[in-house]
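Q: Take this structure, written in structure tokens, and hold onto it; I'll ask about it next.
Each reported figure results from applying straightforward, stated rules to the coordinates on display, with no laboratory input. Remember, it's a predicted structure, so these values are computed and weren't measured experimentally. In this analysis, Cβ positions are derived from the backbone assuming ideal geometry, glycine residues included, and neighbour counts consider all displayed protein chains.
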Amino acid sequence: MQIDFFFGKVWVLFVILIFLHGCIGKIRSRKYIKTNPELEAGYKQIFFFWVVCGNIPWVIIGLGNATHFTESFFEYFNPISFNPFVIMFNISFIFLWCSAVRWIYFKNGAEFLEKHPGFFARSRFSSDIKKEINARQIKINLGIGFFNILLCLGIMWVYGIGLMH
């Protein structure tokens, strides 16, 4: 029973984590804004899009659960159930990833992020001393992530792999 409660509310955890990551990025960006105040507007844009757009899929899950169209996070792994909230979640997820790919690769988003260091940094476990990421690394990481997302979504849509509890 307690595990059902957790998985019914796990979307709240994702909202909190995205907001916390945004706040950490905002705190990290302060030192860069101090040395170059012209960057402040760009950091505000990054924070806004990270927190607002990044939470759209998780809010859809919350609405689905609140309206009892869905009961658990696991239902969203079964898109061929054609539940309207599951479909909305998948569409929002695909739309956000495609928008990110478009911005990073075709609208100089990677270069924008490179000019606004601190919001995204390399892992602490990286062997590279330099913690900031460059445009090339952003493009590579986004490409790998996008490929994996498409692969997982394709498997779920074709094979209907639902992790129902």
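Q: Which residue, TRP58, TRP103, TRP11, has the most motion in a Gaussian network model of the chain that connects Cα atoms within less than 10 Å?
A: TRP103
Q: Moving to a separate point now. Nearest 10 degrees, 0 to 90: what angle lies between the long axis of helix 84-101 and the longest principal axis of the chain (Cα atoms)?
A: 20 degrees
Q: A further question on this structure: Quick check for me: using +1 on Lys/Arg Cβ and -1 on Asp/Glu Cβ, what's the dipole size of the chain about its Cα centre, in debye to the nearest 20?
A: I would put it at about 820 debye.
Q: Rg and Dmax in Å for segment 1-98, alpha carbons only: what are they?
A: For segment 1-98, the Cα radius of gyration and maximum Cα-Cα distance read 16.7, 52 Å.
Q: Can you compute the FRET efficiency between CYS23 and VAL158 using 1/(1 + (r/R0)^6), with r the Cβ-Cβ distance and R0 = 35 Å? Round to the nearest 0.05.
A: Computed FRET efficiency for CYS23 and VAL158: 0.35.
Q: OK, next. Simple spin-label model, 7 Å along Cα-to-Cβ: VAL59 to GLU111 in nm?
A: 3.2 nm
Q: Quick one: if the Förster radius is 30 Å, what FRET efficiency do ILE91 and GLU38 give, using the C-beta to C-beta distance and rounding to 0.05?
A: So the FRET efficiency works out to roughly 0.25.
Q: Further, regarding this structure: What's the extension gain from PHE74 to PHE147 if we count 0.36 nm per residue and subtract their Cα-Cα distance?
A: Extra length available between PHE74 and PHE147 comes to 24.1 nm.
Q: So between CYS98 and THR67, what do we pick up on full extension, going 0.36 nm a residue minus the alpha carbon distance?
A: Full-extension gain reported as 8.3 nm.
Q: Towards the positive end of the charge dipole of the chain, with charges on Cβ (+1 Lys, Arg; -1 Asp, Glu), say which of GLY145, ILE61, PHE93 has the farthest Cα.
A: GLY145
Q: Nearest 0.05, what FRET efficiency do LYS139 and ILE16 give at R0 = 25 Å with Cβ-Cβ as r?
A: Using R0 = 25 Å, I get an efficiency of 0.30.
Q: Work from the charge dipole of the chain (Cβ charges, +1 for Lys and Arg, -1 for Asp and Glu, about the Cα centre) and give the residue of GLN45, ILE18, PRO79 farthest towards its positive end.
A: Value: GLN45.
Q: Before rounding to the nearest 500, sum -39500 (n - 2.57) across all DSSP H runs of length at least 4 in the chain and divide by the residue total; then give [θ] at 222 nm in deg cm²/dmol.
A: Roughly -21500 deg cm²/dmol at 222 nm, from the helical runs in the chain.
Q: For Cα extents along the principal axes in Å, pick the label among [x] 45, 38, 26; [y] 51, 30, 30; [z] 54, 35, 33 that corresponds to the value derived from the coordinates.
A: [y]
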